[in-house]
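**Q** Pasting a structure below so you can have a look.
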Amino acid sequence: MIKQILGRLPRKPSKPADNREFEASSIPSVNTTGARAADVVTGDPVIANIVSIHGSDGASISASGHGSKVPATVKSKVNGNAILTHYEALPSFRDVPTSEKQKLFIRKLNLCCVVFDFTDSAKNIKEKEIKRQTLLELVDYVSSVNGKFTETVMQDVVKMVSANLFRSLNPQPRENKVLEAFDVEDEEPLVDPAWSHLQIVYEFLLRFVASPETDTKLAKRYIDHSFILRLLALFDSEDPREREYVKTILHRLYGKFMIHRPFIRKSINNIFYRFIFETDKFNGIAELLEVLGSIINGFALPLKEEHKLFLVQALIPLHKPKCLAMYHQQLSYCVTQFVEKDCKLGDTVIRGLLKYWPITNSSKEVMFLTELEEILEATQPAEFQRCMVPLFSRVARCMNSPHFQVAERALYLWNNDHIESLIQQNRKVILPIIFPALEKSSHAHWNQVVQNLARNVRKIFFGVDPELLEECLHKFQEDEAKLEEGKTKHEATWKILEEIAASKASNNEAILV
């Protein structure tokens with residue numbers, strides 16, 4: 001009788017087929033296909049409207065925040081924490097029909113949204129390996145898929161990538177150290193213990209962005225400004241392998257998403273401004289400059305005013321920080337690209353270098369001279385004449401530097417045929433400026449190599465214009481004679497004062513000071 005009564009009661013409706021498909025995953029699908037990209041990628045390490053449940057097992061589990069239930073793989077505890085009850089591998093793509101592969105792809109993406117704690121290598125060993133294998137399958141699928149990715153797939157891709165990559169880097173400060181090149185090279189870079197997973201996620205994102213099946217018009221809703229800003233923040237990673245991946249991905253994004261190009265350039269500018277004028281610390285400046293080198297190379301002529309402002313306000317001030325050695329090669333390439341594209345910028349760049357020229361840092365001075373040679377090689381005579389007086393006043397001081405590498409590098413400018421040609425065309429202005437330093441270096445410098453180089457430069461001028469050289473030599477000798485005469489008078493004056501002081505002291509007379 002009781003069974004008959006119970007049989008007439010309405011039964012609990014069964015779960016839809018879509019929910020059954022995701023039951024094996026620890027993350028349910030978030031059905032926000034029509035949502036804007038800002039709702040998908042936010043400033044948090046996990047997706048918007050996602051509740052992150054951290055359990056004692058070290059796994060981070062995401063669940064929808066719109067009233068949906070926590071999936072079956074998460075069991076709540078009394079203290080509010082959660083534990084991972086099971087994390088099972090999904091079937092391989094080879095084991096399902098073609099019509100089901102996209103659904104399986106989404107399920108695998110959701111499965112990989114679980115982020116494990118790698119600080120303890122003994123935790124979740126089996127689950128970590130399941131996730132690693134699943135990530136490898138995702139990489140293979142993206143590389144070989146036929147057919148455009150749907151909007152739902154793109155949303156889940158961005159969700160998975162965001163959950164794994166966008167995290168707090170927490171760089172360890174190097175205290176009481178100047179970040180010179182030798183300091184950085186001597187230190188072992190800090191590596192993320194989760195790199196075994198992160199590397200595959202980066203590879204997945206790279207292949208997804210580069211895939212011809214990724215429709216830019218759809219993807220731009222999810223790979224938006226917020227996503228790009230969080231990707232750029234990853235350039236501050238201590239791990240050079242991670243920075244290399246981010247650099248490659250950013251380069252692909254810049255090439256594929258034309259709508260984001262102005263925003264990417266502006267965001268890189270802001271990173272440079274903070275680095276130069278505020279923090280003086282950022283690990284990925286060299287990699288960002290590598291990306292910019294490629295971007296600058298593609299600038300159309302004539303250059304836009306925006307690009308010239310970027311050169312003056314960002315690239316030239318990047319010569320200021322003490323850690324210039326970490327990225328000088330890439331910076332020099334970018335600056336030289338501007339001068340090669342627009343020769344009229346030569347004067348602007350050279351005067352910018354003179355503004356930030358190091359006074360007490362000899363290694364930086366050598367780098368400046370090396371870059372100066374590259375810029376002068378692309379400079380035309382008209383621009384050279386505008387800046388040659390302040391430029392060779394600085395070169396003359398470098399030729400007289402007690403640091404032999406600085407003096408040597410300054411004298412090596414005459415080994416460049418184009419620079420020597422520019423100097424000879426304007427020798428009547430340049431030689432009087434540099435001759436005193438040239439004469440002193442050829443006779444009085446402590447380093448024999450510097451002496452020999454200075455004599456060779458002297459011979460070059462003598463071979464081209466011996467009369468000008470003799471004139472400069474005569475003036476130099478006159479100036480030296482005047483200096484010697486002034487020195488003799490100075491010494492004689494002090495001697496007289498000492499004698500007067502001594503005579504008054506012997507007579508016990510007061511000495512007025």
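**Q** If we sort 228-236, 474-482, 292-300 on the protection proxy, mean other Cβ atoms within 10 Å, highest first, what's the order?
**A** 228-236, 292-300, 474-482
**Q** For the stretch 205-251, rounded, prolate or oblate, judged on the Cα gyration tensor with a ≥ b ≥ c (square roots of eigenvalues), a/c < 1.5 rounded, else prolate if a/b > b/c?
**A** oblate
**Q** Then there is this: Please state the shape class of the stretch 360-400: rounded when a/c is under 1.5, otherwise prolate if a/b exceeds b/c and oblate if not, all from the C-alpha gyration tensor.
**A** Oblate is the answer for the stretch 360-400, as a/c is 1.5 or above yet b/c matches or exceeds a/b.
**Q** What does the charge count near L369 come to, summing +1 for each Lys or Arg and -1 for each Asp or Glu among other residues with Cβ under 15 Å from its Cβ?
**A** Spelling it out: positives minus negatives among the neighbours equals -2.
**Q** For a Förster distance of 45 Å, can you work out the FRET efficiency between the beta-carbons of K266 and T360, rounded to the nearest 0.05?
**A** The value I calculate is 0.80.
**Q** Net charge within 12 Å of W357 by Cβ-Cβ distance, Lys/Arg positive one each and Asp/Glu negative one each, not counting W357 itself?
**A** Its environment carries a net charge of +4.
**Q** How high is the relative contact order of the stretch 398-467, in percent, counting Cα pairs under 8 Å that sit 6 or more residues apart?
**A** Once normalised by length, the contact order is 34 percent.
**Q** Scan the stretch 192-261 for GluC sites (Glu not before Pro) in coil per DSSP, keeping those whose Cβ has at most 10 other Cβ atoms within 10 Å, and list them by number.
**A** Qualifying residues, ordered by number: none.
**Q** In whole percent, how big is the carbon plus sulfur part of the accessible area of the stretch 363-513, probe 1.4 Å, protein atoms only?
**A** Heavy-atom surface of the stretch 363-513 belonging to carbon and sulfur, 1.4 Å probe: 55 percent.
**Q** Once you order the gyration tensor axes a ≥ b ≥ c over the Cα atoms, which shape class does the stretch 248-375 get: rounded for a/c under 1.5, otherwise prolate or oblate by comparing a/b with b/c?
**A** Oblate is the answer for the stretch 248-375, as a/c is 1.5 or above yet b/c matches or exceeds a/b.
**Q** Where does the charge balance sit around A501 when Lys and Arg score +1, Asp and Glu -1, over other residues with C-beta under 15 Å from its C-beta?
**A** Taking every Cβ under 15 Å from that of A501, the sum is -1.
**Q** Select from N447, A407, I434 the residue farthest towards the positive end of the dipole of the stretch 406-452; place +1 on Cβ of Lys and Arg, -1 on Cβ of Asp and Glu, and compute about the Cα centre.
**A** Final value for the positive-end residue is I434.
**Q** Let's see if you can work this out: charge +1 on each Lys and Arg Cβ, -1 on each Asp and Glu Cβ, no other charges. What is the dipole magnitude of the stretch 432-513 about its Cα centre, in debye to the nearest 20?
**A** Taking the Cα centre of the stretch 432-513 as origin, the dipole is about 300 debye.
**Q** With a 1.4 Å probe and all protein chains left in place, how much accessible area per residue does the stretch 287-327 have, in Å²?
**A** Per residue, the stretch 287-327 has 41 Å² of solvent-accessible surface.
The values are calculated or read from the model by the stated rules, or taken from the named source; none is laboratory data. Predicted model, so just to flag it, every value in this text is computed and none were measured. Neighbour counts are summed over all protein chains in view; Cβ atoms, including those assigned to glycine, are modelled from backbone coordinates with ideal geometry. Side chains included, ligands, DNA and RNA excluded: accessible areas come from the protein's heavy atoms. Shrake-Rupley method; radii C 1.70, N 1.55, O 1.52, S 1.80 Å.
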